[in-house]
Structures are given as C-alpha cells and as structure tokens.
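Take a look at the structure set out below.
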Amino acid sequence: MKWIGALLFIGTTTWIGFEWSQNLSKRPKHIRQVKNALQILEAEILYSQLPLKDAFTTIATQIPHPMKPFFKNLSIDMVEDSNDLVALWDKHINVLLKESALGNNEGEILKQFGRTLGQHDFHQQQKHIQLTVTHLNRELEEARDNQFKYSKMAKSLGFLCGVFIVLLLL
C-alpha cells in the first residue's frame, strides 16, 4: 500500500512539473498572438478605417484561442455598452490573463494600451500600437529566456521533489 501511495505521489509531482513546463512554453506563444492581433488592429484602423467594434470582430475571425474569445467578447460588449471602452478593455484583459499563460507584465502593458485605444487620431494610435508591440517584444524575449532556462528544470524538479519527499516519508 505504501508503494502505491509513493508512486501516486511521485506521479502527481511529476505532473505538476510538466504543467509548469507547459505553462512556460505557452507564454511566448500567447505573447506572439497578442502581437499579431495588435498588428491586425493597426491595419484595420489605418487602412480599412473600421470602427473598433468591427475591427475587433475582424481580429476575432483571424486569430486562435485564447485571443479569439477576448476580441469576440469585447466586440459583443461594445454593441451593448460602447460608452466606456477602457472599463470593458480592463475587464476583458483580466479574463484573458486567467485563461491564458500571459503574465502580469503583459496584462499591465495591454491595460496601458487600452487607456489610449480610440482616444487619438490614426497616426497617434499607430504610434501607441507600435509602442505596445515594442514592449511585448521585450516580454517575449524574457519569456523565451525563461522557457529555455526553466522548462527542463521544471519537469525534472517535479519528479525529483516527489522522489525526495517519498524517501523522507519511507
């Protein structure tokens, strides 16, 4: 019975390590999706000159999960309440942070961007989008470094912690 419990405990800690590693791998992917979405938004604002609600709908059709529901729900909520875009943006950013592997730094960058969204002319808006993409590039490099440094370690650490605790308890 002890051995079954020990194997289950080692399996659980190994699983936790793999989940941690997977989260480290998802973060760069999600940051790239945010960057792509912002670049599509820039094109829609500058060249198509669509209203933000329509631009968000267009973006939602072109990008994968977890960014797709973010823009889709944002577009739907803008139809119902288009008065306070900043509050809607912040609300949906908070939901996005829970559903994705994005970190708090990316959330703050996106919230700052949301405060400028729809407040300026086309060229100023383009500058804000480019500034946000620049900040996201910095976070992407950090996320890639963390993935490279800690991904294998997380997997090994999960297994080794399980073995260590089991050995202590036996």
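Checked against the criterion of being crowded, with 16+ Cβ neighbours inside 10 Å and not in a helix (DSSP H, G or I), the candidates L110, L102, L136, L97 yield just one match: L102. Filtering Q124, Q119 for residues that are among the polar types (S, T, N, Q) and part of a helix (DSSP H, G or I) leaves a single hit, Q124. Remark: D54 matches the filter, which requires a residue to be open to solvent by 40 Å² or more (accessible area, probe 1.4 Å) and of a type outside the set (K, R). In the stretch 100-112, the count of residues that are free of Cβ contacts under 8 Å to residues at least 40 places away in the same chain and more than 17 Å from the chain's Cα centre (by Cα) is zero. Number of residues in the stretch 60-87 that are modelled with pLDDT of 90 or more, of a type in the set (V, I, T) and either part of a loop (DSSP other than H, G, I, E, B) or within 19 Å of G107 (Cα to Cα) (or both): the value is 1. When K127, K155, K149 are screened for being of a type outside the set (D, E), closer than 30 Å to G17 by Cβ, open to solvent by 20 Å² or more (accessible area, probe 1.4 Å) and without any contact (Cβ under 8 Å) to a residue 40 or more places away in the chain, only K149 passes.
The values are calculated or read from the model by the stated rules, or taken from the named source; none is laboratory data. Computed from a prediction, not measured in an experiment: that's the story for all the values here. All Cβ positions, even for glycine, are placed from backbone atoms using ideal geometry, and neighbour counts span all protein chains on display. Surface accessibility is based on the protein's heavy atoms, side chains included, excluding ligands, DNA and RNA. Shrake-Rupley method; radii C 1.70, N 1.55, O 1.52, S 1.80 Å.
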